[in-house]
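The structure under discussion appears below in the form of structure tokens.
The values are calculated or read from the model by the stated rules, or taken from the named source; none is laboratory data. It should be emphasised that the depicted structure is a prediction, and the values quoted were computed from it without experimental measurement. Every residue, glycine among them, receives a Cβ derived from its backbone with ideal geometry; neighbour counts consider all protein chains shown.
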Amino acid sequence: MITSDTARMLTRYKAWANEIVYSTVRALPDGEATRPRTTIFGNMVHTLSHIHVVDCIFQAHLEGREHGFTARNTPTPPPLDDLWRDVQIVDRWYIDRFDRLSDAELAESIRFRFVGGGDGEMTRGEILMHLVNHATYHRGFVGDMLNQAQVKPRPTDLTVFLRDARRS
């Protein structure tokens, strides 16, 4: 089980890491972020889209509503600026939502249906851990693609976030 303090830290870490990756990807020359690459989602923007779709799916689970997705990504990547705007809104939602949760609420189970079928059940804390790990995993793919584009990505490690957060 994670504590409310850990949850608050993790939501901020995820938003911080997103800002770093998006600022790097948005600074690329035109066409580089959507350039086809040998990776599961085909390019940087579609990989980032997948992270966002999963965040939105679990946001709906946490709100107890239908999410409307039939897959864990969109058929084609959205425009990067639109995606970044939407990611910031959802990141803020997670920060605000998890700031209000007690340790007991983080331990409460949420039941849901997986997009691919089947029943799921996770605590709110487990959902947050999944989202942070999931985003980190796929940001790693984006980091690899940035290296392919001859761009050295800035570190988005939790250790760097904690160091920088403690300095400010």
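Against the condition assigned to a loop (DSSP other than H, G, I, E, B), among the β-branched types (Val, Ile, Thr), out of contact with any Asp or Glu (no Cβ under 8 Å at 6 or more places or on another chain) and within 17 Å of Trp16 (Cβ to Cβ), how does Thr76 come out, does it pass?
Working: assigned to a loop (DSSP other than H, G, I, E, B): yes; among the β-branched types (Val, Ile, Thr): yes; out of contact with any Asp or Glu (no Cβ under 8 Å at 6 or more places or on another chain): yes; within 17 Å of Trp16 (Cβ to Cβ): no.
No, not satisfied.
Of all the residues that make up region 20-55, how many are part of a helix (DSSP H, G or I) and either closer than 18 Å to Asp99 by Cα or touching a residue at least 40 places away in the same chain (Cβ under 8 Å) (or both)? Reasoning before the result, please.
Within region 20-55, the subset part of a helix (DSSP H, G or I) is 20-26, 44-55.
Next, from what is left, pick out any that are either closer than 18 Å to Asp99 by Cα or touching a residue at least 40 places away in the same chain (Cβ under 8 Å) (or both): 20-22, 24-26, 44, 47-48, 50-51, 54-55.
Result for region 20-55: 13.
Arg97 - would you say it is modelled with pLDDT of 95 or more, of a type outside the set (Phe, Trp, Tyr), out of contact with any Phe, Trp or Tyr (no Cβ under 9 Å at 6 or more places or on another chain) and more than 29 Å from Thr39 (Cα to Cα)?
yes
Within region 122-137, is even one residue over 17 Å from Ala7 (Cα atoms) and either in a helix (DSSP H, G or I) or modelled with pLDDT of 95 or more (or both)? Spell out how you get there, then give the answer.
Of region 122-137, the ones over 17 Å from Ala7 (Cα atoms) are 137.
When the remaining residues are screened for being either in a helix (DSSP H, G or I) or modelled with pLDDT of 95 or more (or both), the result is 137.
Looking through region 122-137, at least one residue is over 17 Å from Ala7 (Cα atoms) and either in a helix (DSSP H, G or I) or modelled with pLDDT of 95 or more (or both).
Leu158 is checked against (1) surrounded by 14 or more Cβ atoms within 10 Å (Cβ to Cβ); (2) under 20 Å from Val25 (Cβ atoms) and fails just one. What number does that condition carry?
Only one criterion is unmet by Leu158, namely (2).
For residues that are part of a helix (DSSP H, G or I) and free of Cβ contacts under 8 Å to residues at least 40 places away in the same chain, scanning just region 144-161, find the one that is nearest to Asn43 (Cα to Cα). Step through it out loud before you land on a result.
Here is the first cut: in region 144-161, the residues part of a helix (DSSP H, G or I) are 144-148, 158-161.
From what is left, the residues that are free of Cβ contacts under 8 Å to residues at least 40 places away in the same chain are 147, 159-160.
Values: Asn147: 13, Thr159: 27, Val160: 26 Å.
Per the stated criteria, the residue is Asn147.
Any idea which residue in region 53-88 is modelled with the lowest pLDDT, counting only those that are β-branched (Val, Ile, Thr) and over 11 Å from Phe112 (Cβ atoms)? First the steps, then the outcome.
Residues of region 53-88 β-branched (Val, Ile, Thr): 53-54, 57, 70, 74, 76, 87.
Next cut, over 11 Å from Phe112 (Cβ atoms) only: 53-54, 70, 74, 76, 87.
Values: Val53: 97, Val54: 98, Thr70: 91, Thr74: 94, Thr76: 95, Val87: 98.
So, considering only residues that are β-branched (Val, Ile, Thr) and over 11 Å from Phe112 (Cβ atoms), the one modelled with the lowest pLDDT is Thr70.
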